[in-house]
Structures are given as structure tokens and as C-alpha cells.
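Below: one structure, written as C-alpha cells.
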Amino acid sequence: MLDAGGRKRRASGDGHRRRDFMMIRQAVNTDAEDLKVLYFDYLTRFPPKEEQDMNLWRALIDKFEKDENMHLLVMEEDGKVVSTVQMAVIENLTHNLRPFAVIENVVTHIDYRNKGYASALLERASEIAKERGCYKVFLETGSNKESTLNFYRRNGFAIDEKHSCLKRL
């Protein structure tokens, strides 16, 4: 359930302890440092060794913010970005011209896991895809861990329905 500010909350009386509000929003350029920590410390197995130009990160986040087909969603808690999901909506000539969406870079800071943050972000991304008229959402993961795959299954994603092929450039 989302409140008027886009914050995720549990309905009262659901048998679970009440959790603090979680703010789901589009990333803004001031999130660049928090996103770098999430990506480099908790997502990417081999982060770049080169120093990152954070001005370029901020400029790219600004570009995403202006692009109606790019959604860099973040979960904020206490002013800190603790989880993120990136989704691109891709225009399409098949399926009666309906677009599809691709989700990647799903990551939550280790101190904030098992709180439903990534699930809430995936739910919001799916809502955006529906609003945009997408006929499907792909989710790409580099993980083969059964716990990760089960997490995606619990969030409505079929693991073996389609095949994804990767060519690194």
C-alpha cells in the first residue's frame, strides 16, 4: 500500500509490526554517492578500479530523470538511498505496438535487507510498466543463487519462461 507521498506502508492489522515509512521516488542527482555505494559494494562483482567522476554520474541521473522511458527508482530511509531498481521502457513494433520493460540493477544495502524494500521497488516498477501499457517486464539478474531466484519468483517473475543471452562488449 502506498500513501499519498508514494511511501510504502503496511496496512494496519496485518499481524506484522508496523514499519517506518519507506519513500519510493525517482533518483535525483544528489543520490549519486549512495548509488555508487550500492552498485560497487553490493551489486557489481568487479567494480571499476578507476576513480569515478561523480559529475558524470550526476549528469546521467539528470538525463534519466528527464527521460520518460528510463526509471531509476530508489528507496530512501532517513535521507539515505538504501535500495534501487532501474527500469527502461522500450517502444516496440510487435504486440499491437505495445512497449515492454527491462529491469536491471536491483540492489539493497546489506543493512536494509529483508525489509521488503526491493519488493516494493519491483512492485512500483511493475505499476509504471502497466501505466505505460507494457505487455511484459523482463528482469535481468547476474545471480544464480537460489535465494535470489526465489526472491524474484516471490515477486511474480518466472525464471525459466524465456532465455536471455549475453554478449559482453
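Applying D = kT/(6 pi eta Rh) to the chain, where Rh is the Kirkwood radius over alpha-carbon pairs, T corresponds to 25 °C and eta to 0.890 mPa s, the Stokes-Einstein value obtained is 143 µm²/s. Distant-in-sequence amide contacts of residue 107, defined by a placed amide H-H separation under 5 Å and a gap of 5 or more residues or a different chain, comprise 84. From the alpha carbon centroid of the range 141-159 to that of the range 26-105 is 20 Å. Distant-in-sequence amide contacts of residue 136, defined by a placed amide H-H separation under 5 Å and a gap of 5 or more residues or a different chain, comprise 101.
For the range 155-163, backbone phi angles converted through the Karplus equation (6.51, -1.76, 1.60; θ = phi - 60°) give residue-by-residue couplings of 9, x, 9, 7, 7, 10, 7, 10, 10 Hz, Gly and Pro being listed as x. Placing a label point 7 Å from the Cα of residue 97 along the Cα-to-Cβ line, the residues of the range 119-141 whose backbone N sits under 18 Å from it are 131-136.
FYI, it's all coordinate maths here, none of it is from the lab. Because the structure is predicted, anything quoted here is derived from the model rather than measured. All Cβ positions, glycine included, derive from the backbone under ideal geometry; neighbour counts span all protein chains shown.
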